[in-house]
Amino acid sequence: MDSNSYCDTCSGEGKSLVAIRFCSDCEELFCKDCVEYHKKFKATKSHHLMDLTSICQPNIPKTKKICEVHPDIPLDFYCIQHDVVCCRACIPSIHQSCKDVLPLKVALNHIELSSLYEDMLKEWQHIGNTLDHLKRDRNNNVDDLEKAESDILAQMSKWKDNLVELIITLEDKLKADLSNAKKKSLDQLRTDTSQLSELYGVSLVKQQELKFLKEHGSNNQLYLTLHEHKKAVQSVNKQIQQMTISYKKITLKLVKAGDIDIKSIGSIVETKEAFEVQHNQGKLQHAQVQPGRLTLPTYKKEIQDKLNVGHHLAITDVAVSTDSKVFFCNFSYYVCKIYVYSIKDNLTHITTLSLPSPPYGISILTGTDKAVVTLPYASYVQCINTKRLKRDKTIKVGKDWYGIATSEDFFAVGKTDEIRILNQNGEIIKNIVLSDDVLSIVLSILYNQHDGSIIYRKYGQVRCIQLDGTVLYQFEVSGESGLAVDDHGNVYVSEDNKSEIHRLLPDGQSRAVVLTGKDGIAKPYSITFNNSFKQLFVTNLSGLVQVYSCK
């Protein structure tokens with residue numbers, strides 16, 4: 001702590017007295033005299049005073065002590081059922097039906113020894129370690145990029161040298177080919193010229209013979225010679241005819257092997273690999289020193305209705321938006337519809353959305369007005385604007401994806417042997433290969449934001465896994481679909497064949513039946529909570545809809 005900190009009370013009176021204690025209740029610094037007065041005054045003598053000389057850190061943490069809902073009232077109570085700190089005005093308005101609401105002074109007894117403190121400290125340490133690993137990875141990635149640039153430049157230089165060397169080699173070969181072609185052509189031309197010169201000489205001799213005999217020889221000699229020349233002329237003409245036919249003008253041309261107008265010698269491609277570090281949230285427990293046990297919610301049926309939309313029904317999933325619109329997927333093959341209802345005292349049909357392929361699963365991105373719908377027979381998922389009730393963009397994922405879960409930024413889809421996590425741009429964040437031996441489709445998925453686990457359901461089995469595929473727990477169920485999680489991390493499973501809803505505690509060890517046929521449950525196929533976790537929605541394939549209040 002700063003050794004020059006001054007007493008807040010005295011500073012208000014224009015005095016500069018060094019502070020020696022800090023009151024965590026008043027969040028003020030006090031000098032020696034003010035400390036003595038603070039200890040004697042009835043309203044403040046129980047306050048916790050910190051010795052500033054033993055505090056090494058420069059800033060003392062400040063705690064939120066005023067209720068956000070009722071800004072003028074301090075936080076004096078703790079609700080065990082909702083695991084929240086509240087003020088006295090919150091009790092009649094929000095926690096009236098809660099059984100275990102304790103004064104904060106009772107709840108915080110021995111808090112420094114509780115499992116809540118230990119778990120919270122370990123969780124922050126775990127978060128710090130993960131963030132440190134992530135930071136080191138980012139810094140290493142910067143170094144890798146710098147090295148990659150140097151490596152690529154070296155590769156380009158070597159490639160250029162290889163290209164130049166290859167061009168020189170090809171040029172030398174082409175020069176040799178040119179020389180050989182020229183020599184061959186010249187040899188042929190010289191042979192032709194020699195033959196022509198020989199015949200030309202014969203023609204001159206024959207001309208001289210005829211002229212000589214005309215001037216000096218007898219007619220008998222001339223006559224006989226002319227007849228003899230007929231054969232010679234025919235022979236020479238035949239040779240000349242062959243020459244005129246066979247002779248070609250010889251030229252040499254450079255024929256390019258291909259287009260050497262190179263516009264690119266390569267391209268730079270960015271690749272992304274999934275990060276190897278996994279961050280699994282810890283399970284923060286309630287303080288062990290708190291009396292009593294956590295009260296689990298109970299359920300009472302408020303609404304029961306049957307979808308009457310004039311279509312053959314196979315309702316496979318249900319989702320509730322932040323503005324309390326309810327979306328039902330009809331997976332009947334030739335229908336391809338999602339029905340949208342509002343809910344107050346009953347269900348009221350708002351509109352019907354037509355899709356290009358039968359919709360199976362639907363989930364709403366947390367805190368947004370966007371839903372994502374799986375279309376197993378199409379090669380993409382369909383996004384829907386839940387506010388405007390319009391089809392939005394599609395995201396390519398491939399066929400045969402059924403179950404779907406969402407968080408704020410990501411969504412996960414499931415098929416027989418794999419769960420794939422993608423962002424809203426369709427980039428694959430992680431592929432989780434499933435290790436179970438159940439050869440059926442993943443029809444339901446949950447992302448449990450309380451501990452970062454993924455829960456999925458196949459026919460006859462529910463499994464909870466971490467992002468690296470490690471199995472946390474599993475158990476057998478009847479039926480194939482229906483998962484939900486409440487605000488405490490408890491998991492709910494619909495038992496189709498038994499017409500029951502089961503609840504599994506976050507540790508996966510305790511399982512109880514919370515709703516049965518006596519409560520109106522009839523072959524439940526899909527279940528979900530609304531945004532406030534105050535209502536549980538239950539549907540079956542034939543379109544029966546039941547809404548239960550959670551207390």
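For this structure, a couple of remarks:
- Scattering profile of segment 371-431 at q = 0.13, 0.23, 0.26 Å⁻¹ [log10 I(q)/I(0), Debye over alpha-carbon scatterers]: -0.30, -0.92, -1.16
- Reducing segment 421-474 and segment 219-252 to their Cα centroids gives an inter-centroid distance of 98 Å.
- Overall Cα dimensions of segment 62-191 - principal axes, largest extent first, Å: 122, 31, 25
- Global form of segment 22-127, assessed from the alpha-carbon gyration tensor, a/c cut-off 1.5: oblate
- Distance from segment 475-551 to segment 344-409 (C-alpha centre basis), Å: 21 Å
- Peptides 442-451, 428-437, 26-35 ranked from most to least packed, by the mean per-residue count of other Cβ atoms within 10 Å: 442-451, 26-35, 428-437.
- Note on segment 476-551: percent of Cα-Cα distances in each 10 Å bin, starting at 0 and stopping at the bin with the largest distance, equals 21, 57, 22, 0.
- Packing-based order for 217-226, 380-389, 86-95, using average beta carbon neighbours within 10 Å, highest first: 380-389, 86-95, 217-226
- In straight-distance terms, cross-link reach from LYS498 covers every one of the lysines whose alpha-carbon lies under 26 Å from its own, apart from those fewer than eight places away in the same chain; here that gives LYS300, LYS301, LYS306, LYS415, LYS458, LYS518, LYS523, LYS534, LYS551.
- Under 12 Å, Cβ to Cβ, from ASN237 - net charge with Lys/Arg +1 and Asp/Glu -1: +3
- One decimal place: the segment ASP151-ASN180 gains 6.1 nm when fully extended, by the rule 0.36 nm per residue minus the C-alpha distance.
- When each of the peptides 477-484, 339-346 is scored by the mean number of other C-beta atoms lying within 10 Å of its residues, the order from highest to lowest reads 477-484, 339-346.
- Point-to-point label distance, SER354-GLN474, nm (Cα→Cβ direction, 7 Å offset): 4.3 nm
- Computed log10 I(q)/I(0) for segment 299-550 at 0.14, 0.15, 0.17 Å⁻¹: -0.87, -1.02, -1.37, from the Debye equation with unit scatterers placed on every C-alpha and solvent omitted.
- Helix-only mean residue ellipticity at 222 nm for the chain, each DSSP H run of n ≥ 4 adding -39500 (n - 2.57), per residue, nearest 500: -9500 deg cm²/dmol
- Whole-Å semi-axes of the chain's equivalent ellipsoid (Cα gyration tensor): 93, 40, 19
- Eigenvalues of the alpha-carbon gyration tensor of segment 387-491, scaled by 5 and square-rooted, set the equivalent ellipsoid semi-axes at 22, 16, 14 angstrom, largest first.
We did not get these values from a lab; they are worked out from the coordinates using the rules stated. As the structure is a computational prediction, the values presented were derived from the model and not from experiment. With ideal geometry, Cβ positions are generated from the backbone for all residues, glycine too; neighbour counts draw on all protein chains shown.
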